[in-house]
Ligand code: SF4
């Protein structure tokens, strides 16, 4: 807390170059964007476009597709043309697919330099083709596929090794006058990852794509990503994020969006401020919070809704919210902007909160 009790804001955003991934700006003063990656076979154009549509509907702003084979490369023109959001082609091993992706109209190309054979010979050609097409490149360094030379030098994928790999690959592009670059240095350990990004942020002005790689199943991956992204974003580091989960990619987008909302980097949608319940609770808080969350899911107005289990702390918390309930003696006191507007039987709490939410939306001119 600051001297006057006001919360201390996040550190100023690191000054990074702005690049354009199709229509989405990344870096500079652009809002931090959320991206994900499809899990379909890229060559299966219909399934891939279907998944991209689902991702777009969940708030994904940039989507990446893997291009491991010629069939996948052949599918890129149709996917790039029909996708509602910019498509990044993810290329390992084969520089020829980089050219295919650029020709296909992809918004950007991600290369993993440690993985592309004879890549160094091809950098000039790639820089020229990407530069002519206005297609940025993401240098995507990954702990699991670090350059052998650096593995030998550092013994393992340390933060220094990840950063050296990324900057080395950038320098190869820079030699050809190409600086339309963003960088990621991913590791599965948030501590290593945070340190790598801090070093990278201090060493260059390229926009940074944050990611904890192989973060794990949904619960563990969510925690690791929230902790690592939270630490970096609070320091002003990070221009676009991808949460990696062993779960459907729509879940990645939801988690990424929620991380940005938690830090106030994106307007909060529905926020349920519910108490953890305790021995004083006079209502089943868990069920009530779940029912209110389900009832207001997809609600078009950002609302902070308090769900409190008793009238001891409940009213105080509920007053801070747009809308809230404090329960006691089989009843719920319904608060709107700090005022008790009515008291209803417990069985009517959820429907009353939803009615009041709709009324607030109407007052704001939103149907
Ligand atoms: Fe316990 Fe009441 Fe606080 Fe909920 S609001 S945690 S029931 S004291």
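Just so you know, all these numbers are worked out from the coordinates, no wet-lab data involved. This structure is a prediction, so every number in the text was calculated from the model and none was measured. Ideal geometry is used to build each Cβ from the backbone, glycine not excepted, and the neighbour counts take in all protein chains shown.
One decimal place: the segment residue 294-residue 82 gains 73.1 nm when fully extended, by the rule 0.36 nm per residue minus the C-alpha distance. All C-alpha pair distances within region 181-234, sorted into 10 Å bins from zero, spread as 27, 56, 16, 1 percent across the bins.
Most tightly packed first, judged by the mean number of other beta-carbon atoms within 10 Å of their residues, the peptides 155-168, 305-318 read 305-318, 155-168.
Peptide packing: for 97-109, 287-299, the average count of neighbouring Cβ atoms within 10 Å per residue gives the ranking 97-109, 287-299, highest mean first. Each peptide in 138-147, 273-282 was scored by the mean count of other Cβ atoms within 10 Å over its residues; highest first, the order is 138-147, 273-282. For region 52-175, the alpha carbon positions stretch 45, 32, 25 Å along the principal axes, listed from largest to smallest. Considering only Cα atoms, the convex hull volume of region 259-351 works out to 97 Å³ per residue.
Residue separation of residue 132 and residue 53 scaled by 0.36 nm, minus their Cα-Cα distance, works out to 25.5 nm of gained length.
Taking every pair of Cα atoms in region 147-218, average 1/r, invert it to obtain the Kirkwood radius, and report Rg/Rh to two decimals.
On the Cα set of region 147-218, Rg over Rh gives 0.99.
Between the Cα long axis of helix 95-104 and the first principal axis of the chain there is an angle of about 60°, rounded to the nearest 10. All C-alpha to C-alpha distances of region 219-275, sorted into 10 Å bins beginning at zero, yield P(r) values of 23, 54, 23, 1 percent in whole numbers. Within region 131-252, the proportion of C-alpha pairs whose separation exceeds 23 Å stands at 30%.
DSSP beta bridges confined to the chain are antiparallel in about 30 percent of cases. Taking a point 7 Å out from the Cα of residue 261 in the direction of its Cβ, the residues of region 20-41 whose backbone N falls within less than 20 Å of it are 31-37. In this structure, residue 29 and residue 329 have a Cβ-Cβ separation that, at R0 = 35 Å, corresponds to a calculated FRET efficiency of about 0.10. In terms of overall dimensions, the C-alpha atoms belonging to region 201-315 reach 55, 30, 27 Å along their principal axes, ordered largest to smallest. Using only DSSP helix segments of four residues or longer, with each worth -39500 (n - 2.57), what per-residue ellipticity at 222 nm results for the chain after dividing by its residue count and rounding to 500? Helix contribution divided over all residues of the chain: -13000 deg cm²/dmol. In this entry, region 167-206 is assigned a mean projected area of 2.8 nm², taken as a quarter of its C-alpha convex hull surface. Please grab the % of Cα pairs in the chain that end up more than 31 Å from each other. Cα-Cα pairs in the chain separated by more than 31 Å: 43 percent.
Each eigenvalue of the Cα gyration tensor of region 144-186, multiplied by 5 and square-rooted, gives one semi-axis; in descending order these are 21, 11, 7 Å.
Between residue 246 and residue 313, the contour length at 0.36 nm per residue exceeds the alpha carbon distance by 20.2 nm.
The overall shape of region 20-123 is oblate: from the C-alpha gyration tensor, with semi-axes ordered a ≥ b ≥ c, the ratio a/c is 1.5 or greater and a/b is no larger than b/c. Once you reduce region 272-326 and region 31-80 to the center of their Cα atoms, the two points are 38 Å from each other. Modelled label positions at residue 342 and residue 153, each set 7 Å beyond Cα in the direction of Cβ, lie 7.0 nm from each other. In plain terms, the residue of 178, 219 with the fewest other Cβ atoms within 10 Å comes first and the most crowded comes last, giving 219, 178.
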